[in-house]
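Throughout, read-outs are computed from the coordinates displayed, never taken from laboratory work. The shown structure was predicted, so the numbers you read here are calculated from the model rather than taken from an experiment. In this analysis, Cβ positions are derived from the backbone assuming ideal geometry, glycine residues included, and neighbour counts consider all displayed protein chains.
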DNA sequence: AAGTGGTCTAGACCACTTT
DNA sequence: AAGTGGTCTAGACCACTTT
């Protein structure tokens, strides 16, 4: 019987969950193979079925394993690499890919938003926003042209930052104390016009990915509306999605 | 005591969960207000604590409510659209959007895969796959051109289906008993060449979205590799992402 | 027949919040 | 003190898969 602490502040199910997680992270249990069954956990640790289930359930919720009735629970493909899975800043994404992010500021000023961004930010076109236009680079190569709008009332005094080196998300989260929660992104295919071609240093007519995003704080307030244009040869967009039991979904109606 | 069916094929906890969901959707319980406590559910429906908990837990997982110890469970701010990312078939997606999905089969045969799809499916170019090419329509308008490859050994006898009306995912899940788990999709911008233009009935040079996906079973076996080309004016590609608390991740180590 | 996960019961003690 | 959710036990019957 493997040891767990019954007196720990850490619940038993979490201790077991973490133990299995370690085995997966270390490679002791590989992708696709079975983890302990609920019965095995009950015997190994002398715990009840509920506790055993809860340990596995936590791994399922975290996307680490999948349960299959009658068969067991199996280690899922690790979900690390994804570009759109988690709300990340450009700098964070480039750093994760092992490259060095830099920026060139084309334009940064306080102005009134157009209808599109005012609508995204749930403010009026008479309100004030900061508009920041940047070319983003990875290891010195231009790979994206970003335009972002932030409401002035949520980040007053934003003009003091130098976004050639400062991170916008760092400022929002650490300096203004906002809690970023989620983002909705729409992906649209475009071709480079003359302006974009010049900014990114590419020929016109090249197919590009344009994203339009709105980021929200935990309370639901829009904090940022942006339009980014990516050179897709240099920036891979990937999405990981999970299957939910479609029967459940249909019955809900 | 409100009525639930003890003999339904639908689990009790899901019946209760859906009942609460309806109250939230209809506005009877508004954002920020408390839903039934676990004790109340136990009394209202005469169920055990576990079943009551599981009903609330399902709502928490779906992002509908948040639990707060000592206080109760409260309705969350609705997340723009349908919450997270689900692996859906084309038909399922179109149905959700309130339109009628149809298909035109261009090509369906048993053949050897090229290197790209063989690699995606983790099989050899000497193995056999079914290749299915379809134009997918919503309310009669062509909006996507899909090419999908399925290993023959995982779905032997697939040729008996008529995929002008049958759903590939239905066949995979219900008839072959496979458990679809997750999918990885890469998004690429392209422009319509003559072949695509003809198939989709659009002018050449129009910007389009191409997706390359591989779907996996719960055990990690690739079940499907596909390339889809979408008319993006008719098909909005949106992604919702959540911000991770980087601090939490660090504590786990 | 034996093993797997899915659902459910009826209890218990605990930490936290409100009354 | 009473109510909330968090964790845990020890049992049960079920559907599904493998032996």
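Three principal axis extents describe the C-alpha atoms of the stretch B:1-130; from largest down they are 62, 30, 29 Å. Note: relative contact order over the stretch B:64-178, using C-alpha pairs below 8 Å and six or more positions apart, is 20 percent. With label points set 7 Å from Cα along Cα→Cβ, the inter-copy distances at residue B:127 are 5.3 nm, sorted shortest first.
I'd like the mean, over residues of A:177-185, of how many other protein chain beta carbons sit within 10 Å of each residue's own Cβ.
Average per residue, whole number: 4.
For residue B:71, the label point sits 7 Å beyond Cα toward Cβ; its separations from the matching points on the remaining copies run 4.2 nm, from shortest to longest.
Ordered by the count of other Cβ atoms within 10 Å of each Cβ, fewest first, B:225, A:30, A:142, B:241 give A:30, A:142, B:241, B:225. Distance between the pseudo-spin-label points of residue A:8 and residue A:23 (7 Å out from Cα toward the beta carbon): 1.5 nm.
Using a 10 Å cut-off around each Cβ of peptide A:205-216, what is the average number of partner chain Cβ atoms that fall inside?
Numbers: counts 2, 2, 8, 2, 6, 3, 4, 1, 3, 1, 2, 4.
Mean inter-chain Cβ contacts per residue within 10 Å come to 3.
For the stretch A:114-253, a/c is not less than 1.5, where a ≥ b ≥ c are the root eigenvalues of the C-alpha gyration tensor, and a/b does not top b/c. That puts it in the oblate class.
Look at the stretch A:65-74: the mean tally of other chain Cβ atoms within 10 Å of its residues' Cβ atoms is 3.
In the assembly of identical copies, residue A:140 has its label point, taken 7 Å from Cα in the direction of the beta carbon, separated from the corresponding points by 5.9 nm (ascending, one decimal).
Of the peptides A:21-29, B:200-208, B:88-96, the ranking by mean beta-carbon count within 10 Å, highest at the top, reads B:88-96, B:200-208, A:21-29.
When each of B:178, B:117, A:112 is scored by the number of other beta-carbon atoms lying within 10 Å, the sequence from fewest to most is A:112, B:178, B:117. Between the stretch A:173-231 and the stretch A:82-133, the alpha-carbon centres lie 6 Å apart. The distance from the alpha carbon centre of the stretch A:26-49 to that of the stretch A:141-166 is 48 Å, rounded to a whole number.
Taking each DSSP H run with n ≥ 4 as -39500 (n - 2.57) and averaging over every residue of chain B yields -7000 deg cm²/dmol at 222 nm.
Could you state the angle between the C-alpha long axis of helix A:12-25 and the longest principal axis of the C-alpha atoms of chain A, as a value from 0 to 90 degrees rounded to the nearest 10? Between helix and principal axis, roughly 70 degrees. The value of relative contact order for chain A, using C-alpha pairs under 8 Å at least six residues apart, is 15 percent. Got the relative contact order for the stretch A:119-201 handy, in percent, Cα pairs under 8 Å and 6 or more residues apart? Once divided by the residue count of the stretch A:119-201, the mean separation gives 26 percent.
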